[in-house]
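The values are calculated or read from the model by the stated rules, or taken from the named source; none is laboratory data. Note that this is a predicted model, so its numbers are computed, not measured. Heads up, the Cβs are rebuilt from the backbone with ideal geometry, glycines too, and the neighbour counts pull from every protein chain shown.
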Amino acid sequence: SAVISQKPSRDICQRGTSLTIQCQVDSQVTMMFWYRQQPGQSLTLIATANQGSEATYESGFVIDKFPISRPNLTFSTLTVSNMSPEDSSIYLCSVPAVDTAFFGQGTRLTVV
Amino acid sequence: AQRVTQPEKLLSVFKGAPVELKCNYSYSGSPELFWYVQYSRQRLQLLLRHISRESIKGFTADLNKGETSFHLKKPFAQEEDSAMYYCALRGMDSNYQLIWGAGTKLIIKP
């Protein structure tokens, strides 16, 4: 199993600013996923972060808006840049396993 | 197109009544199906997966390939079952990426 500590748990930010979300895993993992969950909607994969290489972004998400760092096998950050109210959402990091996936607690972001 | 559909956003039943949360999928290949649950103020966690064919907290789900469904069932609902339930799919060669349904909020009334 893997335990993921994600922070901050919530934040209220001004439009035009950036927020960096951190996820720390209690074991070394090759792959980490970053999701967005907009109000009343499902989880949408933003990108896959592998250590030692650039993140792979899904359609509709770009590195300039959502830069990701993966400096080692236990840590990753997602930055939401130049925020607008449309970025208000829950952001989740996740670690896949053979038979399941583990999740951080989520970051509830409100952009005003 | 690969898709997971949970037709009910909200399901409300009385304690002791049977529960069925619907999940249909569209996938060209051999999928793995999962149910995840998120209780209030807790993180998302695995409830069960079709491969294990287990009963977890009284819940079962059978993969019906003919109907492309993976409905979650429990014969007698309990108040502690109130939560958000997500059906998810993963292809056997999908690099561990999950495709998610929109979720169903289950409320068990006393």
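Summary table
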| item | result |
| --- | --- |
| Residue satisfying condition, being modelled with pLDDT of 90 or more and surrounded by fewer than 12 Cβ atoms within 10 Å (Cβ to Cβ), within set B:Glu20, B:Glu80 | B:Glu80 |
| Inter-residue pairs, beta-carbon under 8 Å, first within 14 Å of chain A (Cβ to nearest Cβ) and in the stretch B:72-97, second buried (at least 16 other Cβ atoms within 10 Å of the Cβ) and among the acidic types (Asp, Glu), 6+ apart | B:Leu89/B:Glu32; B:Arg90/B:Glu32; B:Gly91/B:Glu32; B:Met92/B:Glu32 |
| Any hit, the stretch A:98-112, residues being more than 14 Å from chain B (Cβ to nearest Cβ), over 13 Å from the mean Cα position of the chain (by Cα) and not in a strand (DSSP E or B) | yes |
| Near pairs, Cβ below 6 angstrom, 6+ apart or cross-chain, from the stretch B:5-16 (farther than 10 Å from B:Phe76 by Cβ) to any residue that is of a type outside the set (A, V, I, L, M) and in a loop (DSSP other than H, G, I, E, B) | B:Gln6/B:Cys23; B:Gln6/B:Gly101; B:Pro7/B:Lys22 |
| Condition broken by B:Leu46, with the remaining ones in (1) surrounded by 21 or more Cβ atoms within 10 Å (Cβ to Cβ); (2) within 10 Å of chain A (Cβ to nearest Cβ); (3) not charged (D, E, K, R) satisfied | (1) |
